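Written below as structure tokens is the structure these notes are about.
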Amino acid sequence: MWREPSMVEARQRIDAQHHQIVQQQIAISEIAAPTGEEGDRGEWIAQRFRTLGLANVRRDKAGNVIARRRGFADTAPVVVCAHLDTVFPRTVPVGVRQEGAVLIGPGIGDNGRGLAAMLAIAEAIDGDRLRTRAPIDFVATTGEEGTGNLRGARYLFENAARGACAAIIVDGPGDERIVTRALGSRRYRITYRGQGGHSWTAFGTPNPVHAAAIAAARMTSIRLPTSPRTTLSVSRMGGGLSVNAIPGDGWIEVDLRSSSTSVIELLDREIRAAGRFGAADQNERRDPGMLALSCDISVIGDRPCGETSRDHALVLAAAESTRLIGRTPDLVEASTDANVPISLGIPAIAIGGGGRGGNAHTETEWYESTGGAAGISRALGIVLQTASL
């Protein structure tokens, strides 16, 4: 397949057009797209889909932008996804600057590169010079980052793509990584509320921030398995109005990650027990007549686990395409839109869109395009082999 004339010609076009692909990447990155506010960027992608002649361009109820490149057989589609959203609020400037061969700007790699690579694949598989047996659905998804909780992917694979034969997620730069294992996570917000009061005259009133701190400290003593690797982080904490007031509220946010559903369920109980312990500790210390603290434990994110077998045809195709560009396949575990189809029994992987990058999720995120065209050719080869060129 790699040496077939149509594929050779497509790779040559990608090489010749890579400067324009990078310019698209910059244009995408300079459209603000905080999680939950992906509309402007989504409309830009929809217009590109139309320009490329894709069929049935539309937006679903989750805000995903969907289009199809028809195949010559009416079979289950291959789905190619890249997420629209970034972690940056609208207050963060999204301009991209160039320093030598390096582009610097928030979201330039994650996921400006993924979206640009997906568009390049859609352009290469034009339905004329290059056409596949199975149809290919190209989808720009919403809500991949943070509290988005894979909202777009969930809706997509429970509705329009529920009958997909495979899914290939393009996320960020890189040309070796093949995500085959879905890293699960569960995220919590534990909130304590009390009557509050003056730090001197109302002392003896239960302190919600103390309860939050006690719960956080107790979580540090939870024993985590090393296999499968599991992490637990108290990542945010807050509450109160003034340094000389007992807070009326306090809260912590907790991030739990593992590739094992059973481990997540086991630790879920310990996290909840630690949260309740914080409130109980403060309530036991309160003066007579003082109102007790309440404790509310909410799950604010829940990403499923799973794995696409290393010997599945999709993974083997990805490994072969990686070697054909002179790179060594690196099968890894990560949390991406691929978590959703994997958990639903749809074979799926996540890959990079070529080139190198770093400082993701910071305002100094960078991208360097050396070898970037080869990375897109690799992704194209995976899609073509999966959709049976």
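The values are calculated or read from the model by the stated rules, or taken from the named source; none is laboratory data. As the structure is a prediction and not an experimental result, all values here were calculated from the model. Neighbour counts run over all protein chains shown; Cβ positions are idealised from the backbone, glycine included.
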| Is at least one residue of segment 43-63 among the polar types (S, T, N, Q), surrounded by 17 or more Cβ atoms within 10 Å (Cβ to Cβ) and either over 18 Å from residue 376 (Cβ atoms) or at pLDDT 95 or above (or both)? | no
| task | Tell me, please, whether a residue that is closer than 26 Å to residue 231 by Cβ and assigned by TED's automatic domain parsing to the domain that holds residue 357 can be found in segment 127-141. | result | yes
| said: For the list (1) within 24 Å of residue 150 (Cα to Cα); (2) assigned by TED's automatic domain parsing to the domain that holds residue 14; (3) of a type outside the set (D, E, K, R); (4) within 20 Å of the chain's Cα centre (by Cα), I need the number of the one condition that residue 367 fails. | reply: (1)
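Each row is one residue, and each column tells you yes or no for (1) hydrophobic (A, V, I, L, M, F, W, C); (2) out of contact with any strand residue (DSSP E or B) (no Cβ under 7 Å at 6 or more places or on another chain); (3) over 25 Å from residue 102 (Cα atoms).
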position	(1), (2), (3)
316	yes, yes, yes
325	yes, yes, no
342	yes, no, yes
350	yes, no, no
362	no, yes, no
367	no, no, no
| So which residues in segment 334-360 are surrounded by 22 or more Cβ atoms within 10 Å (Cβ to Cβ), of a type in the set (S, T, N, Q) and outside any loop (DSSP other than H, G, I, E, B), if there are any at all? | 339
| Being part of a loop (DSSP other than H, G, I, E, B), without any contact (Cβ under 8 Å) to a residue 60 or more places away in the chain and within 18 Å of the chain's Cα centre (by Cα), is that true of even one residue in segment 318-333? | no
| Qualifying positions in segment 290-317 - surrounded by fewer than 16 Cβ atoms within 10 Å (Cβ to Cβ), in a loop (DSSP other than H, G, I, E, B) and out of contact with any helix residue (DSSP H, G or I) (no Cβ under 9 Å at 6 or more places or on another chain) | 291, 311
| query | Of the residues in segment 254-271, how many are buried (at least 20 other Cβ atoms within 10 Å of the Cβ) and part of a strand (DSSP E or B)? | reply | 4
| request: Of all residues in segment 167-195, count the ones that are in a strand (DSSP E or B) and not basic (Lys, Arg). | output: 14
| Going by the structure shown, is residue 183 in contact (Cβ under 8 Å) with a residue 60 or more places away in the chain, at positive phi and crowded, with 20+ Cβ neighbours inside 10 Å? | no
| said: residue 62 - would you say it is under 21 Å from residue 121 (Cβ atoms), among the hydrophobic types (A, V, I, L, M, F, W, C) and either in a loop (DSSP other than H, G, I, E, B) or not assigned by TED's automatic domain parsing to the domain that holds residue 359 (or both)? | reply: no
| query | Do you know which residues across segment 119-149 are of a type in the set (Val, Ile, Thr) and farther than 26 Å from residue 187 by Cα? | reply | 121, 125, 132, 136, 139
| query | Which ones in segment 111-128 are part of a loop (DSSP other than H, G, I, E, B) and buried (at least 24 other Cβ atoms within 10 Å of the Cβ)? | reply | 111, 125
| task | Consider only pairs whose beta carbons are under 6 Å apart and that are at least six residues apart or on different chains; among these, list those whose first residue lies in segment 192-211 and is assigned by TED's automatic domain parsing to the domain that holds residue 289 and whose second residue is among the acidic types (Asp, Glu) and part of a loop (DSSP other than H, G, I, E, B). | result | 204/287
| query | For segment 88-105, what are the residues that are assigned to a loop (DSSP other than H, G, I, E, B) and either among the hydrophobic types (A, V, I, L, M, F, W, C) or closer than 19 Å to residue 369 by Cα (or both)? | reply | 88, 92, 94, 95, 96, 100, 101, 105
| query | Name the pairs: first residue in segment 34-49 and within 17 Å of residue 66 (Cβ to Cβ), second residue in a helix (DSSP H, G or I), Cβ to Cβ under 6 Å, at least 6 apart or on different chains? | reply | 48/119
| note | Considering segment 317-376, residues that are of a type in the set (A, V, I, L, M) and touching an Asp or Glu at 6+ places or on another chain (Cβ under 7 Å), and then whichever is farthest from residue 228 (Cα to Cα), we arrive at 373
